[in-house]
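Chemist: Got a structure for you, written out below as structure tokens; questions coming shortly.
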There are 2 protein chains.
Amino acid sequence: MSTHPPQPRHRRGSDQPTLAQVAEMAGVSSITASRALNAPERVNDATRQRVLDAMDRLGYVPNLVAGSLASSRSRFIAVIVPSLANTVFIEVIKGLQSTFEAAGYQILLGNTDYDIEREHRLVRTFLGWSCSALVTAGLRHTDACRKLLKGCDRPVMEVMELGDALDLNVGLDHVEAGRAMARHLVDRGYRRPLFVGARLGDDYRAQMRYRGHAEILEAAGMSPTVLELDQLGSLEAGAAGLERARRETPDVDAIHFANDDLASGALLHALRLGIRVPEEVAIAGFNGLPLGQFITPRLTTIQSPRDTIGRLAAQELLQRLEGKRVTRRQHDVGFELLIGDST
Amino acid sequence: MSTHPPQPRHRRGSDQPTLAQVAEMAGVSSITASRALNAPERVNDATRQRVLDAMDRLGYVPNLVAGSLASSRSRFIAVIVPSLANTVFIEVIKGLQSTFEAAGYQILLGNTDYDIEREHRLVRTFLGWSCSALVTAGLRHTDACRKLLKGCDRPVMEVMELGDALDLNVGLDHVEAGRAMARHLVDRGYRRPLFVGARLGDDYRAQMRYRGHAEILEAAGMSPTVLELDQLGSLEAGAAGLERARRETPDVDAIHFANDDLASGALLHALRLGIRVPEEVAIAGFNGLPLGQFITPRLTTIQSPRDTIGRLAAQELLQRLEGKRVTRRQHDVGFELLIGDST
DNA sequence: TACAACAATGTTAGCGCTAACATGTTAGCG
DNA sequence: CGCTAACATGTTAGCGCTAACATTGTTGTA
């Protein structure tokens, strides 16, 4: 019945030196050793030096897991993107990373593969790591995920597009971007423009651009048409798209591609086939990737400020994390129509 | 003198539900609730279902920080790369990420910006998070960092190039890759090849390729020359490199670029200027990026299996993490000379 | 029938750190 | 010189979870 006092159990996790050992060596209590690292101004200079020396001698590496549990704060920023194959997200990550790393935060990277169920699972995991903030690409989430994000009491940043966000939002208006390009095509006198995208089912931001495109065409009395390729966006897909477009709709005079990968592929392919651009067919893209701007004729496209999205999102979050009240929850980073020689 | 028993202090970290609350609701002890999640086979099905229901009702999110401290294991894989601007590293990350995420690990991403002091700091931080393993690009580290990695009792994987590694190593032989391309150029009859790189000081793998290149040229009785651009590698830099090369060494008959970005830029620029490739000047690269293979004339380059590096590294690490003894510490993923029409 | 082997669950004691409070020590000042 | 404020350091008790061992009941089997 009675539980006999069992012999003491020992369980040292790793054999790494601990703060207590450092403290002992320096002849102070462990809280002083802790403060020597985390609140140096609260410790006498000489004492602090002794502690730091002891750390050095022991090869002490702070156990951040323990610290995080005790303080219920980690210095993680969860970043969730739908794909790593797409330069666009990489550049956003780059912007986030450089700003956060400088402020002493770590990036926890998650990839949803365009699956919002996976996003939900990642959000749970990252919340479990008590991340300080979450950044996620896009406004689409499962209901459960939205609930989780709303109730998690941490800043949540949704990037890429603008809309009805949960908390903070940095991005651009993709419908408006679609409109801008379509307007440009209509203004230039193209009368049978075609919108060509790859895997539009996944890429709903491209769908939004198409919506803007369609709107303008209808307003101008033309009937919008879309051609969907089932390959992933790539140079080859763009080349194939050009051929299919001209075969299936021989009177097409302008192709508005969903992004620059497709558009550049089409443009290079047109050069190769001797199709004159823009005389025989105009080509336009979206993103403003370096390749499109390097080719002759230069690609007409829309510059999306991806690095800016990352940096601005990071700055806003840092403000919030430092306790400052954020006045604007939404930031439109805009876009720029780059008129090249392909339209 | 005597410490009076102070009133009990309370300190709830967050107001998230805890395992204990879940356990209470399900009418079990917290260890059973824990096992319901982490070792389901050790819990009766009916009990487990009660626990899971309770978790659901409370909106329980496991505190992974606490779990990690208690078990002194995290499911983090630290990945340290020198840059996110370079596709090459992104593709390695992609390979690592897809394999590890499927196995239930999280990626902790660090960027050194080609600074080994920063690498050292990142390693410390990541070790502090008790990551399960570390992956780092390259074999160059500070002495302190090397010591840390050697003593950390966790699998360490060095990727990209082969050499005298700390623990595990997956990569390819860059000197040999440089030799292979130089041999190809010599075999094709080029007699005044030039090696052109960007920021070679940072990019020591490119330096290794140059070493291989130089070796072959010397063996063939030619004198190797290198032209270093001070811009970052890009299409523009490649174009500039082509012009500078032809201006400064007018008799150059082949340019061996340090990578495909430069080579593709040069190739497209040559087309634009009407310089015939390879008749007037041959162009070769390294990496096998899609653009080079898409252009006509197709770029002669070396395919580096970046995705494979990531996947293989991840697989080997998983083996190790599952306790299997790893027999081979080093894996040469090789490379493939892609002979295009530009040489 | 006794006893091992297993399955299901519980008890206890940390993991290594920091928040919250307490205490001692020195400086500042009328 | 007494009192307070500011500084420097210490004590205690967790943070939420899981390892290690303990306990019970159930089954198989020699």
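Chemist: Which whole-number percent is the relative contact order of segment B:19-62 (Cα, under 8 Å, 6+ apart)?
Modeler: 41 percent
Chemist: Rolling a 1.4 Å sphere over the protein heavy atoms, what is the accessible area per residue of the protein assembly as shown, to the nearest Å²?
Modeler: Result: 46 Å² per residue.
Chemist: Calculate the mean, over all residues of peptide A:276-287, of how many other protein chain Cβ atoms lie within 10 angstrom of the residue's Cβ.
Modeler: Taking all residues of A:276-287 together, the mean is 0.
Chemist: Could you work out the mean count of beta carbons from other protein chains within 10 Å of each residue's beta carbon in A:101-109?
Modeler: 4
Chemist: Compute the Cα gyration tensor for chain A, then decide on rounded, prolate or oblate, letting a ≥ b ≥ c be the square roots of its eigenvalues: rounded whenever a/c is under 1.5, prolate when a/b is larger than b/c in the other cases, and oblate in all that remain.
Modeler: prolate
Chemist: Tell me the carbon and sulfur percent of the accessible area for segment B:174-303, rounded to whole percent, probe radius 1.4 Å.
Modeler: 47 percent
Chemist: In whole percent, and with a 1.4 Å probe on the protein chains, what portion of the accessible area of segment B:19-62 is carbon and sulfur?
Modeler: Here it works out to 46 percent.
Chemist: Here is a follow-up. Test of understanding: extend the Cα→C-beta vector of B:D251 to 7 Å, then name every residue of segment B:192-219 with backbone N under 15 Å from that spot.
Modeler: Output list for this probe position: B:192-194.
Chemist: Still on this structure: So what are the ³J(HN,Hα) numbers for segment B:80-97, from phi and the Karplus equation (6.51, -1.76, 1.60; θ = phi - 60°), rounded to whole Hz, Gly and Pro as x?
Modeler: Result, ordered by residue: 10, 10, x, 6, 9, 7, 9, 3, 4, 6, 4, 5, 5, 4, 4, x, 5, 4 Hz.
Chemist: Shifting gears a bit: Using the Cβ atoms and a cut-off under 15 Å, what net charge is assigned to the surroundings of A:G151, where Lys and Arg are +1 and Asp and Glu are -1?
Modeler: Once positives and negatives cancel, what remains is +1.
Chemist: Measuring nothing but label to label, 7 Å from Cα along Cα→Cβ, what are B:S30's distances to the other copies in nm, shortest first?
Modeler: Result for B:S30, in nm, nearest copy first: 1.8.
Chemist: So, one more: Compute the relative contact order of segment A:267-343 as a whole-number percentage, counting only Cα pairs closer than 8 Å that sit 6 or more residues apart in sequence.
Modeler: Averaging sequence separation for qualifying contacts and normalising by length gives 40 percent for segment A:267-343.
Chemist: Right, here's the next one. Computed FRET efficiency, Cβ-Cβ of B:E41 and A:L273, R0 51 Å: what is it to the nearest 0.05?
Modeler: 0.25
Chemist: Considering the options A:I31, A:I275, B:H141, tell which one lies farthest towards the positive end of the dipole of the protein assembly as shown, charges being +1 on Lys and Arg and -1 on Asp and Glu at the Cβ, about the Cα centre.
Modeler: Ranked along the dipole, the leading option is A:I31.
Chemist: Return the average number of partner chain Cβ atoms within 10 angstrom of each residue Cβ along peptide A:64-75.
Modeler: Mean shielding by partner chains, rounded to a whole number: 6.
Chemist: In nm, to one decimal, how far is the B:Q49 label point from the B:K324 one, both placed 7 Å along Cα→Cβ?
Modeler: Using points 7 Å along Cα→Cβ, the separation is 3.6 nm.
Chemist: Now for a different question. Ordered shortest first, which distances in nm separate the 7 Å Cα→C-beta label point of B:R192 from those of the other copies?
Modeler: Ordered by distance, the counterparts are at 5.2 nm.
Chemist: Would you calculate, for chain B, the mean residue ellipticity at 222 nm contributed by helices, counting each DSSP H stretch of 4 or more residues as -39,500 (n - 2.57) and dividing by all residues, to the nearest 500?
Modeler: Helix contribution divided over all residues of chain B: -14000 deg cm²/dmol.
Chemist: Non-local amide H neighbours of B:V196 (under 5 Å, H modeled in plane, Pro and chain starts lacking H): which ones?
Modeler: Those qualifying (amide H under 5 Å, at least 5 residues apart or on another chain) are B:L227, B:H256, B:F257, B:A258.
Chemist: For A:L318, what charge total do you get from the other residues with a beta carbon under 14 Å from its beta carbon, if Lys and Arg give +1 and Asp and Glu give -1?
Modeler: +3
Chemist: How high is the relative contact order of chain A? Use alpha-carbon pairs under 8 Å, at least six apart in sequence, and give a whole percent.
Modeler: Numbers: 614 pairs, mean separation 49.3, N = 343.
Relative contact order here is 14 percent.
Chemist: Identify the GluC sites (Glu not before Pro) of segment A:168-255 meeting these criteria: DSSP loop state and at most 12 other C-beta atoms within 10 Å of the C-beta.
Modeler: Hits after loop and neighbour filter: nothing returned.
Chemist: Now for a separate question. Once amide H atoms are placed 1.01 Å from N in the peptide plane, what residues at a sequence separation of 5 or more from A:D203, or on another chain, have their amide H within under 5 Å of its amide H?
Modeler: none
Chemist: Along Cα-to-Cβ, 7 Å out, sits the label point; list in nm, shortest first, how far the one on B:R73 is from those in the other copies.
Modeler: 3.1
Chemist: How much net charge surrounds B:C131 when only the other residues with a Cβ under 13 Å from the Cβ of B:C131 are counted, with Lys and Arg +1 and Asp and Glu -1?
Modeler: +3
Chemist: Now for a separate question. In Å², rounded to the nearest 100, what is the total accessible surface buried by chains A and B against each other with a 1.4 Å probe?
Modeler: Buried area between the two chains comes out at roughly 4500 Å².
Chemist: Mind listing P(r) for segment A:174-303? All alpha-carbon pairs, 10 Å bins, whole percents.
Modeler: Histogramming segment A:174-303 at 10 Å steps yields 14, 52, 32, 2 percent.
Chemist: Using the Cα centre of the protein assembly as shown as the reference point, and only Cβ charges (+1 on K/R, -1 on D/E), how large is the resulting charge dipole? Debye, rounded to the nearest 20. Spell out each step's value before the answer.
Modeler: Numbers: 82 positive and 84 negative charges, 512 e Å.
The dipole of the protein assembly as shown has a size of about 2460 debye.
Chemist: Can you give me the distance in nm between label points at B:L337 and A:D115, each placed 7 Å from the Cα along the Cα-to-Cβ direction?
Modeler: Going by the 7 Å Cα→Cβ label model, 4.2 nm.
The values are calculated or read from the model by the stated rules, or taken from the named source; none is laboratory data. Given the structure is predicted, the values throughout are model-derived calculations rather than measurements. Glycine gets a Cβ as well: all are built from the backbone with ideal geometry, and neighbour counts include every protein chain shown. Accessible surface areas use protein heavy atoms only, side chains included; no ligands, DNA or RNA. Shrake-Rupley method; radii C 1.70, N 1.55, O 1.52, S 1.80 Å.
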